[in-house]
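The structure under discussion appears below in the form of structure tokens.
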Amino acid sequence: MSLSTSLTSAVNSLNAASAAIQVTNDNIANANTPGYTRKMAILQEAEPTNENNLSIGNGVVLAGYQSVRDELLQTRIQQETQSQSGANAQLSSLQQIQPTFTTSTQDIGTQMSALFASISSLSVNPTGSAARQAVLTAGQNLATAFNTASNSLTTQESGLNTQVTQDVTQINQLTQQIAALNPQLAQLKASGQDGGTLEDQQSQLVLQLSALTSVAVTNTDDGVTLTTGNGTPLVVGSNSFALQTATGSNGATQVLDQDGTNVTGSLTAGDLGGTIQTRDQIIPTVLGQLDTLANQFATRFNAAQATGLDQNGNAGTNFFTIPTTVAGSAGAIKMAVSDPALIAASSDGSSGSNGNLANFSAIQTTALPSGKTPGDMYASLVYQVGSLASNANAESSASAASLMQLNTQLASVSGVSIDEESANLITYQQAYEAAARVVSTIQSLFAVTMSMGTAAAA
Amino acid sequence: MRVTNMVPAMQYAMQQSQQALSTALQQVSTGLRVSQLSDDPSASANMVTSLSASASVDQFTTNTSAVTSLMQTADSAFSSVVTSLNSAITIGTEGANGTESAANRQALALQLQGILQAVIGQANTAYQGAFVFAGSASTMPPFVAASTTYTSAQGSAASPLAVTTGLTAGSVTSISDATTGKTMVFKAAAGDTVATLQTAIGDAVAAGTLSAGTAATINGTGQLEIATNNSANGIVVSSNDAALGAMTATAGSEVANAYAYVGNSGVNSVQVGDAMSVATNVPGDQLFLSGGNVIGSMGGLISALQSGTTTDIGAATSAISAALTHVTQQRVPLDNTLSQLNSQQTYLGQEKITLTTQQNSLVGISLAEAATNLSQAELTNNATLAAAAKSMPQTLLDYLK
């Protein structure tokens, strides 16, 4: 084996150590970069040289770089991110709805009690103008409480429509960026190279997309293919398929695929899914029960008015005004009477009679057509809102814990350990120094060799 | 397992411990375990029911207090009436003594008239603007001085009313008779005329509701005149019929010591508990007229003292004694109600305490528990921060110097 061969082997070692140091440097530099996957320099033994039937090693060569990935864990993280974002979207909305139903001086339950208390107070002094006015004021306060609660829910719905539009815009931007990376990655893979930084970028974009909506990820030769939960394509090869928004017949923003097909109902996870579920299922359910309570309560009050006589001896007229349909009752309920004398307290036509007030008071303890008393119906509504918020909170917390665990697992595979890289750096530095020493030694040998003739001539 | 970056795990742990610390601090500062519905949906729903019950108890307590005051006013009036009737009996007994001179009897009659005025005043007792013994017609004094003759505002010589004059459907004309102590109420139906009213009055006379001789006629000036045709029998007439106009007593027709009851028999009830209501009034007709005509018997004694024999005075005094017995009987339920209200007040006070305790257990937290939770949360948070401070700066580089 010649000195030149040894020198070549030493230079290969220098190159390999240098490349490994470069990889280590890259790892250390990106230790805190989101989505970064640690890389390893793939070193392998150089082809040996056969001389005189002797096989002599030629040192080491850099075969390439390898990103250390775990596709399964990444998929699990994407799925858990979808769940967490969906739960967070629901929790955010419910946290804004909750105060409306929390006991205060203005909530429906308190105002309902106040109305019955004012009627009870009127029974003590049925001719008292202050007591009669107090009933009207309490009725107005209850109507306002219903209006406020209904308004809070419908405002929330409108806000969620805006959120849907924003989510769809972000989804379209992300799918465009993901699709743009696909050809580059396909080219790298076709040439047998590691996706490296490009693949990290794409994974990070897919993760961001997962936070917005439910996506199914399939890896193909043309890169990653993304579809929504019901198979609507979002990214295929270098093509991205933009989602669109349109206002539905109910005024809610609908999500359409590129062909114009409504896919709103199939979007169940991510921020968009959680937002749509809150807007289309949770809020309508709560609002429906609120409307039913307002409608049935007002109908009972109006019926009680009709059975009595007002202070002028005339049959009682409606106490509340409500729409002809149950829907919208909570938002539209208002007082129908404004004259205290028109409260039908009397049962015999005498202005001092309180006989009919018992019919009003009975409403408090009598089941409405829904099967529950007004108080129980409202308590049930409070439980439902609280339960929905509690469940969303629990789901969000569970997802956060699960996500934390999955990220820790992924980090143990793909994350950068500064300690590990520091040790690698020392290892590769020593390898480099050793190789350099070999070069230096060969240089000395060359010099000795070169000076051999010169010394003899002298 | 490789351990790489510990920062996310530390951040998560710190966030969790700080959240627990924040919750514990909030519990200590507010005294509440449930500050929003999602903290405990079931307790929040139960709280709605409990607060509703609490509001009812508060109102029942207010009602109990108000009704107690009303009842005490009525009881005070009862007491005065009893005193007055005893005085009347004493005067009657004195007047029945055959040795009393006519002048003395006139003086006793005068004294009794004063007592009668006092009884009328008690019978017209009002509480917060409402007449306690008027039934549900509590906006007007229930006992009104009676006259023999009432005439309508409508009708004149130029435009006289006639028996064919139509009455307004739905209008009410009432005649309260001081002698019988009863009231005839005529509600006009469509097509009714003055003649219909005349017939109704005739029927009421036949039924004993109105004194014999009471009739309605069209007088010489074309007005409707309702009269008893007996100077000793007084009536009070009212009407809201537009065709008749207001009925007013004819000047000089007032009957001395005669008062008609213009209230009704309505009894108001007020709820003072979930399953407890109390009557808040004793109608004047039940108290002063049925079972013993208090006003009439006193008027009878005055007449007997003024012009009757000792036998008449004795009979009139016995009538007052019967009335007194009746009034005393009527007072018993009133006193029972007052006793019930007193017990109910105590019960409601206990119920309020029970509900408040229930509410505290539903959403509140004891100071000891809150303080323990806070201490525990502080300890956990400090431990988490200490662990983070200890482990986060540690890298191999620290040892490669």
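Among the numbered conditions (1) more than 14 Å from every other protein chain (Cβ to nearest Cβ); (2) in a helix (DSSP H, G or I); (3) charged (D, E, K, R); (4) in contact with a Leu (Cβ under 8 Å, 6 or more places away or on another chain), the only one that A:Arg132 does not meet is (1). In this structure, does B:Ser44 turn out to be surrounded by fewer than 20 Cβ atoms within 10 Å (Cβ to Cβ) and either in a helix (DSSP H, G or I) or not assigned by TED's automatic domain parsing to the domain that holds B:Gln122 (or both)? Answer is no for this residue.
Looking at segment A:43-63, can you tell me whether even one residue there is more than 14 Å from every other protein chain (Cβ to nearest Cβ), closer than 15 Å to A:Gly195 by Cβ and under 51 Å from the mean Cα position of the chain (by Cα)? No; the residues of segment A:43-63 include none that is more than 14 Å from every other protein chain (Cβ to nearest Cβ), closer than 15 Å to A:Gly195 by Cβ and under 51 Å from the mean Cα position of the chain (by Cα). For segment A:288-300, the set of residues classified as crowded, with 23+ Cβ neighbours inside 10 Å and either farther than 20 Å from A:Phe116 by Cβ or modelled with pLDDT under 95 (or both) consists of A:Asp291 only. Checked across segment A:91-108, the condition of being within 22 Å of A:Asp339 (Cα to Cα), of a type in the set (Ser, Thr, Tyr) and in contact with a helix residue (DSSP H, G or I) (Cβ under 9 Å, 6 or more places away or on another chain) holds for no residue. Exactly one residue out of A:Asn32, A:Asn12, A:Asn25 is open to solvent by 60 Å² or more (accessible area, probe 1.4 Å), in a helix (DSSP H, G or I), closer than 28 Å to A:Tyr428 by Cβ and of a type outside the set (Ser, Thr, Tyr), and it is A:Asn25.
Restricting attention to segment A:90-127, the residues being closer than 21 Å to A:Gln140 by Cα, more than 9 Å from chain B (Cβ to nearest Cβ) and without any contact (Cβ under 8 Å) to a residue 40 or more places away in the chain number 4. So, B:Ser35, is that one surrounded by fewer than 21 Cβ atoms within 10 Å (Cβ to Cβ) and either part of a loop (DSSP other than H, G, I, E, B) or touching a strand residue (DSSP E or B) at 6+ places or on another chain (Cβ under 7 Å) (or both) or not? Spelling it out, B:Ser35 is indeed surrounded by fewer than 21 Cβ atoms within 10 Å (Cβ to Cβ) and either part of a loop (DSSP other than H, G, I, E, B) or touching a strand residue (DSSP E or B) at 6+ places or on another chain (Cβ under 7 Å) (or both). For segment A:50-102, the set of residues classified as in contact with a strand residue (DSSP E or B) (Cβ under 8 Å, 6 or more places away or on another chain) and in a helix (DSSP H, G or I) consists of A:Glu71, A:Thr75, A:Gln78, A:Gln82, listed by residue number. Checked across segment A:225-235, the condition of being over 20 Å from the mean Cα position of the chain (by Cα), closer than 22 Å to A:Thr37 by Cβ and crowded, with 22+ Cβ neighbours inside 10 Å holds for at least one residue. Can you tell me which condition B:Ser50 does not meet? The list is (1) surrounded by 19 or more Cβ atoms within 10 Å (Cβ to Cβ); (2) away from every other protein chain (no Cβ under 11 Å); (3) of a type in the set (S, T, N, Q), and all the others hold. It fails just one condition, (2). Scanning segment B:360-397 for residues that are hydrophobic (A, V, I, L, M, F, W, C) and within 30 Å of B:Ala45 (Cβ to Cβ) returns B:Leu362, B:Val363, B:Ile365, B:Leu367, B:Ala368, B:Ala370, B:Ala371, B:Leu374, B:Ala377.
Residue count for segment B:261-295 under the criterion of being away from chain A (no Cβ under 12 Å), under 18 Å from the mean Cα position of the chain (by Cα) and at pLDDT below 90: the result is 5. State whether one or more residues within segment B:86-103 are outside any helix (DSSP H, G or I) and at the interface with chain A (Cβ under 9 Å from one of its Cβ atoms). The answer is no, given that none of the residues of segment B:86-103 is outside any helix (DSSP H, G or I) and at the interface with chain A (Cβ under 9 Å from one of its Cβ atoms). Mind counting the residues in segment B:195-230 that are among the β-branched types (Val, Ile, Thr) and either in contact with a Lys or Arg (Cβ under 9 Å, 6 or more places away or on another chain) or without any contact (Cβ under 8 Å) to a residue 60 or more places away in the chain (or both)? The qualifying residues number 7. Of the residues in segment A:427-450, not one is at pLDDT 90 or above, within 13 Å of chain B (Cβ to nearest Cβ) and crowded, with 16+ Cβ neighbours inside 10 Å. For segment A:259-278, name all the residues that are buried (at least 24 other Cβ atoms within 10 Å of the Cβ), touching a strand residue (DSSP E or B) at 6+ places or on another chain (Cβ under 9 Å) and assigned to a helix (DSSP H, G or I). Across segment A:259-278, the qualifying residues are A:Gly270, A:Leu272, A:Ile276. Tallying residues that are open to solvent by less than 60 Å² (accessible area, probe 1.4 Å), touching a residue at least 40 places away in the same chain (Cβ under 8 Å) and within 14 Å of chain A (Cβ to nearest Cβ) within segment B:358-401 yields 5. Checked against the criterion of being outside the structural domain of B:Val81 (by TED's automatic domain parsing), of a type in the set (Phe, Trp, Tyr) and touching a helix residue (DSSP H, G or I) at 6+ places or on another chain (Cβ under 7 Å), the candidates B:Phe133, B:Phe186 yield just one match: B:Phe186. Among the residues of segment A:361-381, those identified as more than 9 Å from chain B (Cβ to nearest Cβ) and of a type in the set (Gly, Ala, Ser) are A:Ala362, A:Ala367, A:Ser370, A:Gly371. Taken as a whole, the structure places B:Val81 among residues that are of a type in the set (Val, Ile, Thr) and either away from chain A (no Cβ under 14 Å) or closer than 30 Å to B:Thr309 by Cα (or both).
Applying the condition of being touching a residue at least 12 places away in the same chain (Cβ under 8 Å) and more than 19 Å from A:Ala138 (Cα to Cα) to segment A:324-333 and asking which residue is surrounded by the fewest Cβ atoms within 10 Å (Cβ to Cβ) yields A:Ala327.
Of the residues screened, A:Ala411 is not one that is away from every other protein chain (no Cβ under 12 Å), part of a helix (DSSP H, G or I), of a type outside the set (Ser, Thr, Tyr) and within 30 Å of A:Gly270 (Cα to Cα). Only residues in segment A:266-294 that are among the polar types (S, T, N, Q) count as the first member; pair them with residues that are open to solvent by less than 20 Å² (accessible area, probe 1.4 Å) and assigned to a helix (DSSP H, G or I), Cβ under 6 angstrom, at least 6 apart or cross-chain, and list the lot. Sorted first by the residue in segment A:266-294, then by its partner, the pairs are A:Thr275/A:Ala89; A:Thr275/A:Leu160; A:Thr275/A:Val164; A:Thr278/A:Ser93; A:Gln289/A:Leu381. Kindly check whether there is at least one residue in segment A:383-398 that is away from chain B (no Cβ under 11 Å), open to solvent by 30 Å² or more (accessible area, probe 1.4 Å) and under 43 Å from the mean Cα position of the chain (by Cα). So far as segment A:383-398 goes, yes, one or more of its residues are away from chain B (no Cβ under 11 Å), open to solvent by 30 Å² or more (accessible area, probe 1.4 Å) and under 43 Å from the mean Cα position of the chain (by Cα).
Filtered by the rule that a residue be outside any helix (DSSP H, G or I) and of a type in the set (D, E, K, R), segment B:354-401 gives a lone residue, B:Lys401. With respect to B:Met71, determine if the residue is more than 10 Å from every other protein chain (Cβ to nearest Cβ), at pLDDT below 95 and open to solvent by 30 Å² or more (accessible area, probe 1.4 Å). So B:Met71 fails the test.
The values are calculated or read from the model by the stated rules, or taken from the named source; none is laboratory data. Treat the numbers as computed from the prediction; the structure is a model and nothing was measured. No Cβ is skipped: glycine too gets one built from the backbone with ideal geometry, and neighbour counts run over all protein chains shown. Ligands, DNA and RNA are stripped out before the accessible areas are found, and what is left, the full protein with its side chains, is counted by its heavy atoms. Shrake-Rupley method; radii C 1.70, N 1.55, O 1.52, S 1.80 Å.
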